Each structure stands twice: as structure tokens, then as C-alpha cells.
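First comes the structure, then the notes that go with it.
The values are calculated or read from the model by the stated rules, or taken from the named source; none is laboratory data. Here the structure is a predicted model, which means the values were calculated and not measured. Counting neighbours? That spans all protein chains shown, and the Cβs are built from the backbone with ideal geometry, glycine included. To get the accessible areas, we keep the full protein, side chains included, count just its heavy atoms, and leave off ligands, DNA and RNA. Shrake-Rupley method; radii C 1.70, N 1.55, O 1.52, S 1.80 Å.
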Amino acid sequence: MKKGLILEGGALRGMFSAGIMDVMMEHNVSFDGLIGVSAGAAFGCNYKSRQPGRVLRYNTRFAHDWRYCSVRSLITTGDIFGGEFCYHEMPEKYDVFDTATFDANPMEFYVVCTDVETGEAVYSRQMQSGYDCYEWIRASASMPLVSRIVEINGQKLLDGGIADSIPLHFFESVGYDRNVVILTQPRGYMKEHNKLMPLLRLHLRKYPKMINALDRRHEMYNAQTRYVEEREKTGDVFVIRPDEPLHIGHVEHNPDRMRAVYNEGRKVGERRIGEILAFLKAI
């Protein structure tokens with residue numbers, strides 16, 4: 001059996017996932033593979049580089065830095081989360097990403113993006129750090145309206161959560177049959193139709209299949225959460241989710257709020273670490 005870790009996105013709700021991941025790293029929990037969507041990819045790469053605490057550290061450090069996340073960044077660069085600063089300058093200069101450990105770690109690392117021309121999910125396996133890897137992560141976390149389309153090898157890409165928010169089906173299809181899934185919404189959450197569809201239709205008018213994917217995203221998401229719950233009942237999937245809605249926005253500049261959501265993740269992780277270890281050993 002192959003053990004997998006599946007990380008939903010949700011922008012700064014991902015601080016909850018980071019808290020859980022840090023607890024698991026501190027208990028030396030290992031997986032054969034990890035797949036992350038949007039913030040799940042941006043934060044999940046630190047599991048392969050074995051850097052607990054890094055997600056909280058750089059998010060709080062740069063919370064008020066316009067280069068990291070701001071309207072100014074959106075106006076001047078086209079990305080509300082600065083593409084060059086967040087995905088290249090910061091990991092190379094200011095909070096250094098452990099490339100040697102990432103590259104040496106045999107754990108598979110998958111990133112989910114959405115192809116804007118087809119509206120379909122793209123799954124990229126990234127085993128080596130570097131510019132291309134960081135661009136895949138940037139593409140996965142590039143939200144429509146507030147991010148530029150990222151082009152890699154001729155593919156035009158945006159937020160992976162549009163086409164596959166919780167990629168359990170995919171991970172099972174590539175052989176992962178013992179999976180821990182970290183969600184950033186509580187049990188019973190139902191996604192509603194996107195109220196910004198008129199703006200999205202205008203903004204992405206050249207890409208009708210992408211518009212269709214956005215229009216149906218709530219249906220896809222709700223079907224995926226039902227599937228996760230079904231697999232949870234069979235005992236083949238271990239699901240960790242917040243007890244209540246996380247009080248943090250997609251864009252957040254308050255370090256205390258970031259710490260509170262991170263600490264909520266740690267609290268849940270510490271409470272359930274024994275269950276996680278038992279689940280992964282029951283093979």
C-alpha cells in the first residue's frame with residue numbers, strides 16, 4: 001500500500017493545514033506521496049523539504065510587505081500575491097527553502113493546476129526544486145481575477161481548485177490507497193455558486209471551457225466532499241477538518257489571526273496524532 005497526504009487549498013485557511021503538518025513532521029510521520037492544491041501545494045512543499053514552522057514564519061514576517069500580498073502588488077505586477085517575490089525571491093533569499101532536502105526526499109510531490117484552455121485539471125509531479133517547480137506551485141495558487149495566467153511548457157494555467165479541489169480520486173488512480181486528507185472547511189460545508197461569475201465571464205471571455213469549469217465548481221466540490229465522506233466510512237481514508245469555520249480571509253494581513261488559525265491546526269493535530277499514526281500503521 002502507498003500512503004498519501006492530500007491537501008485542500010483555501011488560501012490563508014491553509015494555515016490550519018500547516019499547523020497539522022508541523023505536528024506530523026515533529027512526530028516523524030512519513031508519506032510515500034503528497035498532492036497539494038493551491039495553498040495546499042504552496043504550503044505542502046515544506047513537508048517534502050522537512051521544514052516545520054516555515055509556513056507560519058514567512059507568512060507572519062511578510063504579512064504587511066506589499067511585495068508579498070497587496071493591492072499595490074496586484075496593480076503593479078498583476079498578482080495580488082507577488083509572483084516573483086513570493087515564489088522566487090522569498091524562498092531563495094529571505095526564508096530559504098531547503099532545496100537539498102526536498103530533492104533528496106523520495107516522497108512524491110504533486111501539484112494540481114487548471115488548464116484555462118480546456119478547463120481540465122493538470123497534475124504535475126515535481127521531484128526537484130528550482131524555477132520550474134516554483135512556477136508550478138505559483139500556477140496552482142493563482143486565483144482568477146487577482147492573478148496572471150501562468151504559462152508553463154505551452155500550457156496556460158490557474159488555480160488547481162477550479163478543476164479538482166480535493167484530488168482523492170486522482171491519488172487513488174495512481175496507486176495511493178491509504179490516504180490522509182486535510183480539509184480546510186468543517187463537516188457539512190456546502191459550496192455555493194460563485195457570485196462573481198459575471199466578472200469571471202468577462203475576465204476570461206477568451207476561455208469558454210474555463211468559464212464552464214468555474215460555473216460548475218460548486219457542483220464538483222460538493223460531489224468531492226461527499227466522496228471523501230464515503231471513503232472515510234470505509235476506513236481507507238483518514239480525514240482531518242476544522243471543528244468550526246476558520247475565521248480568516250483569502251487575503252489576510254493580521255499575523256495574530258494567522259497564528260490563531262495555525263494554532264487551531266496544531267491543536268487538532270496534537271489531539272489526533274495517535275489516530276493518524278495508528279491509521280498509517282494499519283496496513
* **Fraction of accessible area attributable to carbon and sulfur, the chain (%, probe 1.4 Å)** => 51 percent
* To do: Set Lys and Arg Cβ to +1 and Asp and Glu Cβ to -1, take the dipole of the range 191-283 about its Cα centre, and tell me which of VAL251, VAL261, PRO208 lies farthest positive.
  => PRO208
* To do: List, in order, the whole-Hz ³J(HN,Hα) value for each residue of the range 272-279 obtained from phi through the Karplus relation with A = 6.51, B = -1.76, C = 1.60 and θ = phi - 60°; use x for Gly and Pro.
  => 10, 4, x, 5, 4, 4, 5, 4
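Any of LYS3/LYS267; LYS48/LYS191; LYS48/LYS233; LYS2/LYS195; LYS156/LYS281; LYS3/LYS195 with alpha carbons more than 32 Å apart? Name them for me.
Beyond 32 Å between Cα atoms: LYS2/LYS195; LYS156/LYS281; LYS3/LYS195.
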* Structure fact -> If one builds a Gaussian network model of the chain from Cα atoms under 10 Å apart, the most fluctuating residue listed among VAL111, VAL96, VAL174 is VAL174
* Considering only MET15, MET143, MET127, give the residue with the highest GNM mean-square fluctuation for the chain, with springs between Cα atoms whenever their separation is below 10 Å. => MET127
* Structure fact -> Computed for the range 94-201: size of charge dipole around the Cα centre, +1 on C-beta of each Lys and Arg, -1 on C-beta of each Asp and Glu, debye to nearest 20, value 480 debye
* To do: Go through the range 176-188 residue by residue and turn each phi into a ³J(HN,Hα) via Karplus (6.51, -1.76, 1.60, θ = phi - 60°); whole Hz please, and just put x for glycine and proline.
  => 8, 10, 9, 10, 9, 10, 9, 9, 10, 10, x, 4, x
* Hits among aspartates and glutamates - C-alpha to C-alpha of LYS209 under 20 Å, sequence gap 8 or more where chains match -> ASP115, GLU117, GLU120, GLU151, ASP159, ASP164, GLU192, GLU219
* Asked: Tell me, what HN-Hα J-couplings in whole Hz come from the Karplus equation 6.51 cos²θ - 1.76 cosθ + 1.60 at θ = phi - 60° for each residue of the range 4-9, using x for Gly and Pro?
  -> x, 10, 10, 10, 5, x
* Asked: Given H placed on each backbone N at 1.01 Å, which residues far from GLU120 in sequence or on other chains put an amide H within less than 5 Å of it?
  -> ASP115
* Most mobile of LYS48, LYS93, LYS191 in a GNM of the chain (Cα contacts under 10 Å) -> LYS93
* Of the chymotrypsin sites (Phe, Trp or Tyr not before Pro) in the range 52-133, which ones lie in a loop per DSSP and count no more than 16 other C-beta atoms within 10 Å? -> TRP66
* Asked: What value, in deg cm²/dmol to 500, does the helix sum -39500 (n - 2.57) over DSSP H runs of n ≥ 4 give at 222 nm once divided by the residues of the chain?
  -> -13000 deg cm²/dmol
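To the nearest 20 debye, what charge dipole does the range 39-86 have about its Cα centre, counting +1 at the Cβ of each Lys and Arg and -1 at the Cβ of each Asp and Glu?
Values: 7 positive and 3 negative charges, 57 e Å.
The dipole magnitude comes to about 280 debye.
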* Structure fact -> Of all DSSP beta bridges having both residues in the chain, the percent classed as antiparallel (nearest 5) is 40 percent
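So with the 1.4 Å probe, I'd like the accessible area per residue for the chain, rounded to whole Å².
Averaged over the residues of the chain, the accessible area is 43 Å².
Give me the dipole magnitude in Debye, nearest 20, for the range 163-283 about the Cα centre, with unit charges on the beta carbon: positive for Lys and Arg, negative for Asp and Glu.
So the magnitude is around 400 debye.
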* Enter the accessible area of SER124 (Å², nearest 10), with the probe set to 1.4 Å and all protein chains included. => 10 Å²
